[in-house]
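J.: Here it is: the structure, laid out below.
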Amino acid sequence: MAASSSSSSCYLGHGREAVDAFNAACTQLQVRGNITSEDIKGLEGLRDVLKTIFDKEISALRAPAAGVGTGSAGTEELIRKTAKDHDLAVARTDAAIQGLSAVVQITPRNMKKSPSELAQSATVDRTASTPEVHHEASRRQLRSLTTISWDQIFTYRNALGLLHGREPSSPLTPDDLHAVLQDCVNVTHLDYPSIGRASLQRLTAPLPDLLLPALRSINLEYCGLTDTDLTALVKRYPKFASLNLRGCSDLTDDGIAEIAAHCKDLTHLNLNRCEQISHFGIAEIAANCPELRSLSLRNNITLVTNAALVAALVAIGTGCPKLTSLDLTGIELMDAEIAAIIARCPNLTSLWLLSCHNLAAASFAAIARCRRLTSLDVSFNSDLKDVAFASALDIGFPELTSLDLIDCRELTAGGIAALVARCPKLASLNLAVNDLTNTDIDTIATGCPGLTFIDLGGNGTLSLRGIVALITRCPRLASIDIGACRRLPYTVAAALAADYPAITILH
């Protein structure tokens, strides 16, 4: 099923069990048929559990108690591989849920009937609903769709009777892809992570009956895309506005240059873990994609930090004046270089600087001048100190609603409190893995009474007293994560949930 993964995938603890449970549930629903909205809600619940387990696995790896010491080459490689496998598994669960949701859409007539009504009409349905009628109904559905996912293609393949003796759970073939997509004349977004090379080439081949005339957005993460494949794709669909190429590690600057040359209307580009690109590819985007609004360069660990890279990133801000979302996670830029880049991006609303270990005063001064900023993530910056905020506190963050400070252990409660006090609209605060005490939480909670969500996972010294004080000081609180807090075991979490039923306690 869509969330399946190879035996070599890197899952720890209960991660493999969670993935297997989700896969088994999907397979059972496919075999059973008659999928309802309640079934979809159940899958969404399994997906959320899986995400929570994955988050805890990464937090555990980053904690000093992981066994081999944080920062070692072995640990960093394990974290990198685990995060990659986690991202792919979550993407596949989302695709599976979207695909199985299509079954509910295919049979809306039956979905509105009660079980007794279905039983009464079963004989009529068997005589009146011939395969040809079902197939035509499915094709009408395909012609009406504006977005289609991997799993929806899988489901429609079965609904159209294209199995030809194969099992319903058999893998999609390039011919299946062709047969389903030929009716998708109104599809603007194709969500097909990990597409096989043969299927990808069928999509990009010059076949007039498989041209998707409305296609503007595509998700091809972790599909093994090459420069040749990408060139064929963007030449065939030059009106792309959104390209998700996360994990396509075979792409080079040549492929990125083809995007820049053909996709002049590009607004969203995800190059997360495309580890062969350099400043050359970034400069091409800066020079040729003036409509760009979102760029992710996350975890491209081979990007060499030098004057050319800084110049290319500065050029992104200059050449893409509409940029609102920028992800530079893991790029080892100096404080002044980060400041120079952000200074060219005054319209940012979302900024990710995880593991950018040189963040200091200049960076935060530039960030504070992004007056529209609503989301900021500077997690895993273990050298970040309170003094870095000083230059930003006079300016403040008037629109910031979400702030992530995971594993920023050099920060003090007073420094965090001073920062959040300058964020009047802050609703979500992530302070996981920060060694905070009950007193620290008292200090922080006093400064941000408007919080609706806070993550305190991995703060080993917190106790029930600190959480109750937090709930008292933050009357709008709707959700708290206290996972991996050793003084807050499941029994305490259950008691909190019983005492405060309006608040979701994540453990």
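The values are calculated or read from the model by the stated rules, or taken from the named source; none is laboratory data. As the structure is a prediction and not an experimental result, all values here were calculated from the model. Because the Cβ atoms are built from the backbone with ideal geometry, glycine has one as well, and the counts that use them run over all protein chains shown. Calculation scope for accessible area: heavy atoms of the full protein, side chains included, ligands and nucleic acids excluded. Shrake-Rupley method; radii C 1.70, N 1.55, O 1.52, S 1.80 Å.
J.: Which net charge results for the neighbourhood of G165, defined as the other residues with beta-carbon distances under 15 angstrom from its beta-carbon, given Lys and Arg at +1 and Asp and Glu at -1?
T.: Computed value for this residue: -1.
J.: Where in region 400-441 does the amide nitrogen come within less than 12 Å of the point 7 Å from the Cα of R487, taken along Cα to Cβ?
T.: Output list for this probe position: 435-441.
J.: Among (i) 1.05; (ii) 1.01; (iii) 1.18, which is the computed Cα Rg over 2.2 N^0.38 Å?
T.: (i)
J.: Per-residue counts of other Cβ atoms within 10 Å, averaged by peptide: what ranking do you get for 452-462, 342-352, highest first?
T.: Packing order, densest peptide first, comes out as 452-462, 342-352.
J.: Right, something else. Residue-wise, which Karplus ³J(HN,Hα) couplings in Hz belong to region 285-297, taking 6.51 cos²θ - 1.76 cosθ + 1.60, θ = phi - 60°, and x for glycine or proline?
T.: For region 285-297, the Karplus-derived couplings read 5, 4, 7, 10, 10, x, 8, 4, 10, 9, 9, 10, 10 Hz, x marking Gly and Pro.
J.: Something else now. Express the relative contact order of the chain as a whole percentage, based on alpha carbon pairs under 8 Å and six or more residues apart in sequence.
T.: It comes to 6 percent, rounded to a whole number.
J.: So if I place +1 on the C-beta of Lys and Arg and -1 on the C-beta of Asp and Glu, and nothing else carries charge, what would the dipole magnitude of region 442-504 be about its Cα centre? I want it in debye, nearest 20.
T.: Result for region 442-504 is approximately 100 debye, rounded to the nearest 20.
J.: Okay, moving on. What whole-number value in Å² describes the accessible area per residue of the chain for a 1.4 Å probe?
T.: Per-residue accessible area for the chain comes out at 42 Å².
J.: Ordered by packing density, taken as the mean number of other Cβ atoms within 10 Å over each peptide's residues, highest first, how do 385-395, 492-502 rank?
T.: Listed from highest to lowest mean packing, they are 385-395, 492-502.
J.: Turning to a different aspect of this structure: If I take R0 = 25 Å and measure r between the Cβ atoms of T173 and H135 in this structure, what FRET efficiency does the formula 1/(1 + (r/R0)^6) give, to the nearest 0.05?
T.: The computed FRET efficiency comes out at 0.85.
J.: Which order do peptides 178-187, 298-307 fall in by mean Cβ count within 10 Å, highest first?
T.: Output ranking for 178-187, 298-307: 178-187, 298-307.
J.: Residue by residue through region 259-266, which ³J(HN,Hα) values in whole Hz follow from phi under the Karplus form 6.51 cos²θ - 1.76 cosθ + 1.60 (θ = phi - 60°), with glycine and proline marked x?
T.: Per-residue couplings from phi come out as 4, 4, 6, 10, 9, 6, 9, 4 Hz.
J.: To the nearest 500 deg cm²/dmol, what mean residue ellipticity at 222 nm is calculated for the chain from DSSP H runs of n ≥ 4 alone, each contributing -39,500 (n - 2.57), summed and divided by the residues?
T.: Mean residue ellipticity, 222 nm, calculated: -14500 deg cm²/dmol.
J.: In whole Hz and in residue order, list the ³J(HN,Hα) couplings for region 464-475 that follow from phi through the Karplus curve 6.51 cos²θ - 1.76 cosθ + 1.60, θ = phi - 60°; x for Gly and Pro.
T.: Rounded to whole hertz, the list is 4, 4, x, 5, 5, 4, 4, 4, 5, 7, 10, x.
J.: For the chain, which whole percent of the accessible surface, found with a 1.4 angstrom probe, sits on carbon and sulfur atoms?
T.: Accessible surface attributable to carbon and sulfur in the chain totals 56 percent.
J.: What does the charge dipole of the chain about its Cα centre add up to, to the nearest 20 debye, if the Cβ of each Lys and Arg holds +1 and the Cβ of each Asp and Glu holds -1?
T.: 1040
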